[in-house]
Amino acid sequence: MEGLTGAVYRKLHHRFFGGADAYYIPFVTPTVEPKFTDRQLRELAPEVNSGIPVVPQLLSNRSADFIWAAKALGEMGYSEVNLNLGCPAGTVVAKGKGSGFLKDLYGLEKFLYEVFSADIPVPISIKTRLGWSDTAEFEDILKLYRKYPLSELIVHMRLKTDQYKGDARTQVLLNALDEIPFPLGVNGDLVTEADLKQADERFRHPHQLMVGRALMADPALFRKFKGGKPASAEEIRQFSKALYDGYTEAFGSRKNAMMRMKEYWFFQSCLFEENPSAFKRIFKSREEADFSAALDEIMSGGLLRDARFGWKKPL
Ligand SMILES: Cc1cc2nc3c(=O)[nH]c(=O)nc-3n(C[C@H](O)[C@H](O)[C@H](O)COP(=O)(O)O)c2cc1C
């Protein structure tokens, strides 16, 4: 997740909890100039991700840019490149990228035709939403994808207009299962181990279950799904400390690291009993001592077996 699960998070999550078969690197937008920037390489360089199963993701609606970048990623040794057709951010869709590309199926068809004709030596997968504003769009979107040899189709079961709100539209994907000839990735509102098990059953054991926010709330979610143990409070404490130190080193600033830690704790606090006053203090704190005291108070409440769905918003 852009801004949340960068290299620092991925490395530490993999070391502390494991359980994920793949980490999708938050999207990178290739430029017209066929060269990744130093900033982009801080996420994409193979040495940054060594020993971690990662898949790079590109955000683009210009086939020439996608093609050079996918080829470069293949040369770096990556074994899959993912195209982001899901991001609903205003600045992204205004440029016709991410889920904005789903509004222009003619343009998307041309893009995919050019991409899949370009001898890219790496399998291409797609992360998509169900459509822009109407679930009926999914039929034509799937018809289009079926013309190309995608290595996987990951579906975030929402429309662009849903943003991240409301319930995932599970039934729409269930209804389309027979029309999907690719390995399937299922994504959206998989919060607990029971959710993962239910999705695994209902979607006929799909190739992947992708989890975003809930993995930040319950970093042991995949470990539990595979029969391992839940996170202990001590593990969370050590993980949180390592993240704080990792961000401090990456940003060269303890203050900026604390900002990022607040975003992480927005989710992580959902693995503890609800404590609204301590929760508020996390976000209000300016000094590290106040921040740490608020975290201690959250952690002194009981650790839950499953994360609370604390980030849920109505449509
Ligand atoms: C802050 C934020 C950043 C995100 N960045 C990305 C991204 O870079 N690439 C991507 O494929 N999805 C991104 N997503 C979407 C998630 O991967 C996921 O599809 C979505 O949150 C629904 O799944 P969840 O209910 O498991 O979180 C982002 C979501 C959030 C909230």
Would you check which residues across the stretch 178-217 are over 23 Å from Glu273 (Cβ atoms), within 7 Å of the ligand (Cβ to nearest atom) and touching a helix residue (DSSP H, G or I) at 6+ places or on another chain (Cβ under 8 Å) and list them? Gly188
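Tally time: how many residues in the stretch 6-25 are in a loop (DSSP other than H, G, I, E, B) and open to solvent by 20 Å² or more (accessible area, probe 1.4 Å)?
Just the residues of the stretch 6-25 that are in a loop (DSSP other than H, G, I, E, B), to begin with: 6, 17-22, 25.
The next check asks that each one be open to solvent by 20 Å² or more (accessible area, probe 1.4 Å); those that pass are 19, 21-22.
The qualifying residues number 3.
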Would a scan of the stretch 60-75 turn up a residue that is away from the ligand (no atom under 16 Å from the Cβ) and farther than 30 Å from Leu144 by Cα? no
In the stretch 162-177, anything open to solvent by 50 Å² or more (accessible area, probe 1.4 Å) and either within 12 Å of the ligand (Cβ to nearest atom) or in a loop (DSSP other than H, G, I, E, B) (or both) is listed as Gln163, Tyr164, Lys165, Asp167, Arg169
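May I ask you to say which residue of Leu59, Leu112 is more than 20 Å from the chain's Cα centre (by Cα) and assigned by TED's automatic domain parsing to the domain that holds Pro26?
Details: Leu59 fails: more than 20 Å from the chain's Cα centre (by Cα).
None of the other options fit; the residue is Leu112.
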Take the stretch 18-49 and flag every residue that is more than 16 Å from the ligand (Cβ to nearest atom) and within 23 Å of Gly228 (Cβ to Cβ). Gly18
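Please work out if Ile180 is buried (at least 18 other Cβ atoms within 10 Å of the Cβ) and among the aliphatic types (A, V, I, L, M).
Details: buried (at least 18 other Cβ atoms within 10 Å of the Cβ): no; among the aliphatic types (A, V, I, L, M): yes.
No, not satisfied.
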Those residues of the stretch 50-59 which are within 15 Å of the ligand (Cβ to nearest atom) and either of a type outside the set (Val, Ile, Thr) or farther than 27 Å from Arg15 by Cα (or both), in sequence order: Pro56, Gln57, Leu58, Leu59
Expected output for the stretch 163-176 (first residue over 18 Å from Val93 (Cβ atoms), partner among the acidic types (Asp, Glu), Cβ below 7 Å, 6+ apart or cross-chain) is Asp167/Asp189; Ala168/Asp189
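The values are calculated or read from the model by the stated rules, or taken from the named source; none is laboratory data. Predicted, not measured: the structure shown is a model, and the values here were computed from it. Backbone-built Cβ (ideal geometry, glycine too); neighbour counts: all protein chains shown. With ligands, DNA and RNA removed, areas are computed over all heavy atoms of the protein, side chains included. Shrake-Rupley method; radii C 1.70, N 1.55, O 1.52, S 1.80 Å.
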